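Colleague: Before I ask anything, here is the structure I am working with.
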Amino acid sequence: MQDNKVQIFDTTLRDGEQVPGCKLNTKQKLVIAERLDVLGVDVIEAGFPVSSPGDFESVNEISKMVKNATICGLTRAVKKDIEIAAKALKYAVKPRIHTGIGTSPTHIKYKFNASQDEVIQRAKEAVSYAKNFVDDIEFYAEDAGRTDNVFLAKICEEVIKSGATVLNIPDTTGYCLPEEYGAKIKYLKEHVKDIEKVTISCHCHNDLGLATANSIAGVINGARQIECTINGVGERAGNTALEEVVMILKQHPYLNLHTDINTKKLYDISQLVKNEMGIYIQPNKAIVGENAFAHSSGIHQDGVIKNRETYEIMNPKDVGVDKSKIVLTARSGRAALAYRAKNIGYNLTKIQLDEAYKTFLKFADKQKKVIDEDVHFIMEQVNKISKIATI
Ligand code: KIV
Ligand code: ZN
C-alpha cells in the first residue's frame with residue numbers, strides 16, 4: 001500500500017534565492033533554515049555548494065545546525081560538483097545529494113549538443129559517483145515537463161539501477177497543464193521498473209500560474225514529494241508555494257494525503273522570508289497575503305459577521321493569522337460599521353447606526369479605507385445628536 005504522507009522539500013534557500021536581488025547571507029540562511037526545521041519540512045535544499053564559497057559555507061553551516069530535516073545540496077551531473085556538495089554536507093545528520101541533467105530535446109540539443117544515450121550515460125555516472133559519498137541521491141531530469149515520456153521513463157529506470165532514491169520530475173519552464181503533468185507521473189508509475197522503490201518528486205515552476213495545480217496533480221497521481229518555496233519565490237514567476245500545497249492537502253482530506261507541516265507557523269515564516277529577502281508579497285496572495293482573510297464588500301461582511309464560514313474555507317488561525325479582517329470601505333454596509341464600532345467600544349441603536357452610516361459613507365467615498373480613528377470621529381458626531389451606549 002502506498003504511504004499517504006507527502007514529503008515537503010523546501011527549496012527557498014536554493015531555487016528561491018535565485019530571484020535577482022534576493023541573495024541571502026549565511027546568517028540569514030541559518031535563521032530561515034532553523035525555522036523551516038521547526039515548521040516541519042522533510043527536506044531543506046540549502047544551496048548549490050559548487051556555485052560559490054558563500055553557498056558552500058551556508059550548506060555546511062546548515063548541515064551542522066539542523067537536526068530533523070534532511071539537508072540537500074544541488075549539483076550538476078559533474079564529478080567536481082558532487083565532490084564539493086559531499087564535502088559541504090559532511091556534518092548533516094541526513095545528507096542528500098541532488099544531481100541531474102536536462103532531458104528535453106531543447107536541453108539535449110542546445111545545452112549539451114549530445115545524444116539521448118550520452119545523456120543517460122552521464123546521468124548514470126553522476127548518480128553512481130554520488131553514491132560513493134551518501135546513500136540518499138535525488139536525480140532531477142531537468143525540463144521533464146517538455147521531455148517525451150518514453151525517454152523520461154528510460155532515464156528514470158537507469159538512474160534507479162544506479163542507486164537513485166528520489167526521482168525529481170521538474171516542470172522547469174512551467175509549461176505543463178495539470179492533466180498533462182499528472183499523466184506524466186502516472187506514466188512513470190506504470191512504466192518504470194522498480195519505481196515503487198523510490199519517491200517521485202514534483203518540482204513545478206509558475207510561468208503560467210499552474211505550479212500549485214501541477215504539484216497537486218502530481219501527488220494525486222502517485223508522487224510523494226513536493227518541491228516548493230515559502231511565498232512561492234523563485235526563478236522568473238517562481239516555484240510552487242509551500243503554504244498553498246500544504247493547505248490544499250489539509251483542506252481536502254478526502255484526497256487522503258497529508259504533510260507533517262505545522263500550519264500554524266505558516267504566516268510567521270512567510271513574513272520572515274519576505275523581510276529577509278526584501279521581497280514584497282502581493283496582498284491577494286493565497287494563504288499569506290494581507291487580504292487573504294480580509295472582507296470589504298457589504299454582502300460578504302454581513303455573511304462573515306453572521307458566520308465566518310459563509311466566505312472562508314479555512315480558519316485563519318490554522319495558518320497563524322489571528323483573525324479575519326473586516327475592512328471598512330465605501331462598499332461596506334451597516335453590519336460592518338456596527339461590528340467595527342462595537343469592537344472599539346460603541347453599542348449603537350438602529351437609529352444611531354443609520355445616522356453614523358450617513359457620515360461613514362461621506363468618509364468612505366473620500367478615502368480608500370476607513371480606519372478606527374475615523375470610526376471614533378464618526379461616533380463623536382453621532383454622540384452630539386444622541387448619546388451612544390459604550391461597552
Ligand atoms: O527547475 C528545475 O529544473 C530545477 C532543477 C535544478 C531541479 O530547479
Ligand atoms: Zn527549479
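Colleague: Looking at 115, 104, which one is over 18 Å from the mean Cα position of the chain (by Cα) and touching a residue at least 24 places away in the same chain (Cβ under 8 Å)?
Modeller: Result: 104 is the single residue among 115, 104 that is over 18 Å from the mean Cα position of the chain (by Cα) and touching a residue at least 24 places away in the same chain (Cβ under 8 Å).
Colleague: Taking residue 106, is it surrounded by 21 or more Cβ atoms within 10 Å (Cβ to Cβ) and farther than 19 Å from residue 33 by Cβ?
Modeller: No; evaluated as a whole, the condition is false for this residue.
Colleague: What's the total number of residues in the stretch 7-21 that are away from ligand 1 (no atom under 15 Å from the Cβ) and open to solvent by 10 Å² or more (accessible area, probe 1.4 Å)?
Modeller: 3
Colleague: If I go through the stretch 141-177 residue by residue, how many of them are more than 12 Å from ligand 1 (Cβ to nearest atom), of a type in the set (Val, Ile, Thr) and buried (at least 22 other Cβ atoms within 10 Å of the Cβ)?
Modeller: Here the count works out to 2.
Colleague: Here's a follow-up. How many residues are out of contact with any strand residue (DSSP E or B) (no Cβ under 9 Å at 6 or more places or on another chain) and part of a loop (DSSP other than H, G, I, E, B) when one looks only at the stretch 183-198?
Modeller: Matching residues across the stretch 183-198 total 2.
Colleague: Could you check how many residues of the stretch 159-182 are in a loop (DSSP other than H, G, I, E, B) and either out of contact with any Leu (no Cβ under 8 Å at 6 or more places or on another chain) or within 12 Å of ligand 2 (Cβ to nearest atom) (or both)?
Modeller: 6
Colleague: Determine whether the stretch 32-42 contains at least one residue that is on the phi < 0 side of the Ramachandran plot, part of a helix (DSSP H, G or I), out of contact with any Ser or Thr (no Cβ under 8 Å at 6 or more places or on another chain) and within 16 Å of ligand 2 (Cβ to nearest atom).
Modeller: Within the stretch 32-42, not a single residue is on the phi < 0 side of the Ramachandran plot, part of a helix (DSSP H, G or I), out of contact with any Ser or Thr (no Cβ under 8 Å at 6 or more places or on another chain) and within 16 Å of ligand 2 (Cβ to nearest atom).
One line per residue, one yes/no per condition, for (1) surrounded by 17 or more Cβ atoms within 10 Å (Cβ to Cβ); (2) within 28 Å of residue 245 (Cβ to Cβ); (3) over 37 Å from the mean Cα position of the chain (by Cα):
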site	(1), (2), (3)
311	no, yes, no
344	no, no, no
361	no, no, yes
376	no, no, yes
389	no, no, yes
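Colleague: Mind counting the residues in the stretch 121-158 that are among the acidic types (Asp, Glu) and either in a strand (DSSP E or B) or within 18 Å of residue 83 (Cβ to Cβ) (or both)?
Modeller: Count: 5.
Colleague: Then there is this: Hey, can you tell me all the residues within the stretch 89-103 that are away from ligand 1 (no atom under 14 Å from the Cβ) and either open to solvent by 50 Å² or more (accessible area, probe 1.4 Å) or touching a Ser or Thr at 6+ places or on another chain (Cβ under 6 Å) (or both)?
Modeller: Residues satisfying the conditions are 89, 90, 91, 92, 93, 94.
Colleague: Here is a further query. Name the residue that is nearest to residue 327 (Cα to Cα), counting only residues in the stretch 282-293 that are open to solvent by less than 30 Å² (accessible area, probe 1.4 Å) and in contact with a Lys or Arg (Cβ under 9 Å, 6 or more places away or on another chain).
Modeller: Residue satisfying both the conditions and the ranking: 293.
Colleague: Sticking with this structure for a sec: Against the conditions (1) of a type outside the set (Ser, Thr, Tyr); (2) open to solvent by 40 Å² or more (accessible area, probe 1.4 Å); (3) under 28 Å from residue 169 (Cβ atoms); (4) away from ligand 2 (no atom under 16 Å from the Cβ), where does residue 237 fall short? Just the number, please.
Modeller: Result: residue 237 passes all but (4).
One line per residue, one yes/no per condition, for (1) more than 30 Å from residue 161 (Cβ to Cβ); (2) in a helix (DSSP H, G or I); (3) not assigned by TED's automatic domain parsing to the domain that holds residue 313:
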{"position": "200", "(1), (2), (3)": "no, no, yes"}
{"position": "218", "(1), (2), (3)": "no, yes, yes"}
{"position": "231", "(1), (2), (3)": "yes, yes, yes"}
{"position": "245", "(1), (2), (3)": "yes, yes, yes"}
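Colleague: Given the conditions (1) under 16 Å from residue 331 (Cα atoms); (2) touching a helix residue (DSSP H, G or I) at 6+ places or on another chain (Cβ under 7 Å), and given that residue 355 satisfies all but one, which numbered condition is not satisfied?
Modeller: (1)
The values are calculated or read from the model by the stated rules, or taken from the named source; none is laboratory data. Predicted model, so just to flag it, every value in this text is computed and none were measured. Ideal geometry is used to build each Cβ from the backbone, glycine not excepted, and the neighbour counts take in all protein chains shown. Ligands, DNA and RNA are excluded from the accessible area calculation, which covers all protein heavy atoms including side chains. Shrake-Rupley method; radii C 1.70, N 1.55, O 1.52, S 1.80 Å.
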